[in-house]
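Worksheet: the structure to be examined is printed underneath.
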Amino acid sequence: MLRDRRKEYLAAAVLVGPFVVIYGALFVWPTIQMLIMSFTDAPLIGPGDWVGFKNYVRILTHKLFSAAFLNTAYFVLLTVIPNTLVSLAIAMAVNRLKGWKQGFVMACFFLPYILPVSVVFLTWNWIIDVQYGMIQYLVRPFNGGQGLSLTRTIPFFMPTVAVVTIWWTLGFNVLLFIAGLRNVSPEIYEAAALDNAGRWRQFSRITWPLIWPVTALVLTIQLIAQLKIFDQVYLFSIGGRQDATIVLVQYIYKAAFQQNKGGEAAAASVILFGMIIVLSVLQYQLLRARGEK
């Protein structure tokens, strides 16, 4: 009996061991090093002296960090819930299709998701271009017949990048929602139809409650992804006022790679890491509790 148990433990160690080693080397150890570095005045590469919480105090009282935090929060508001709602609406429409039509439409919505950010940037930079962008045909009537640079006008920058991000990422959310919708038994809708329940009543009383776990998952994934937003904001802000549109990851990039302040960048990374953990866990637990209720 004891020998069999030892064999099971040995087999488990052989199977799990490589993952544990790789995970520890690529994630746990760098995270510990980042945490230690955040308490020093080290440059990006090389040792530094211990300064305690000075980096955290300096960052939290820095106007640029406050601007980055507010811009990130604004971007989260513009993307997380709208992306989820649009994805759900598209998934419900696609789920009504049958055969090759459903597969074709699903592929059309999922195709942007597999594109690299550089392709997305170049595509949308052409679409919104002031001189020949297609979007300008919609903008000119509201701007006195003149074109408007949406990514050079500060009030329109974040909404424009938010629209691009939603277009780029909703394909994966649509697939998640379709998977959830397919798990809802058609017999439930048939019984509701016999009780003369309309579409809205079926959605509010059947569809929405039954796919709530998927909705909570999508909201959590979107929250984590948008808190880490960097690529789109950085690319669209090139040549413009980057400090006015800076986000948290861009602040970390600037401190580390442009100012060579590894300690401050590590401290900002720890703050962002803590925010993501706390907010994502809190949101998921609240959404799950609502679903159980």
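Quick rundown of the values:
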| item | result |
| --- | --- |
| Peptide ranges 65-78, 213-226 listed from the most packed, as the mean C-beta count within 10 angstrom indicates | 213-226, 65-78 |
| Cα pair distances in the chain, grouped into 10 Å bins until the bin that holds the longest one, percent each | 6, 20, 25, 24, 17, 8, 2, 0, 0 |
| Per-selection Rg to Rh, the stretch 107-263 - Cα, Kirkwood hydrodynamic radius | 1.11 |
| Potential lengthening between Ala179 and Ala191 on full extension [0.36 nm per residue; Cα-Cα distance subtracted] | 2.1 nm |
| Prolate/oblate/rounded call for the stretch 24-98, Cα gyration tensor, a/c under 1.5 rounded | oblate |
| Loop-located chymotrypsin sites (Phe, Trp or Tyr not before Pro) in the stretch 97-183 whose Cβ has at most 11 other Cβ within 10 Å (DSSP) | Tyr132 |
| Kirkwood hydrodynamic radius over Cα pairs of the stretch 1-155, then Stokes diffusion coefficient at 4 °C and 1.567 mPa s, in µm²/s | 58 |
| Residues with amide H under 5 Å from that of Thr40, placed H, sequence gap 5 or more | Val51 |
| Whole-percent carbon and sulfur share, accessible surface of the stretch 16-72, 1.4 Å | 78 |
| Calculated FRET value between Tyr23 and Ile114, using beta carbons and R₀ = 35 Å, to 0.05 | 0.85 |
| Probe 1.4 Å, protein heavy atoms only - accessible area per residue of the chain in square angstrom | 61 |
| Simple Cβ-charge dipole of the stretch 63-292, Lys/Arg +1 and Asp/Glu -1, about Cα centre, in debye nearest 20 | 160 |
| Leu35 accessible area, 1.4 Å probe, all protein chains in place, Å² to nearest 10 | 80 |
| Accessible surface of the stretch 100-139 [probe 1.4 Å, protein heavy atoms]: carbon and sulfur percent | 75 |
| Solvent-accessible surface ranking, highest first, for Asp41, Asp49 at 1.4 angstrom | Asp49, Asp41 |
| Ranked order, Lys98, Lys254, Lys261 - accessible area, probe 1.4 Å, largest first | Lys98, Lys261, Lys254 |
| Under 28 Å from Lys261, Cα to Cα: lysines that are on another chain or at least 8 residues apart | Lys54, Lys63, Lys228 |
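The values are calculated or read from the model by the stated rules, or taken from the named source; none is laboratory data. Bear in mind the structure is a predicted one, so any value in this text is a computation, not a measurement. Neighbour counts are summed over all protein chains in view; Cβ atoms, including those assigned to glycine, are modelled from backbone coordinates with ideal geometry. Side chains included, ligands, DNA and RNA excluded: accessible areas come from the protein's heavy atoms. Shrake-Rupley method; radii C 1.70, N 1.55, O 1.52, S 1.80 Å.
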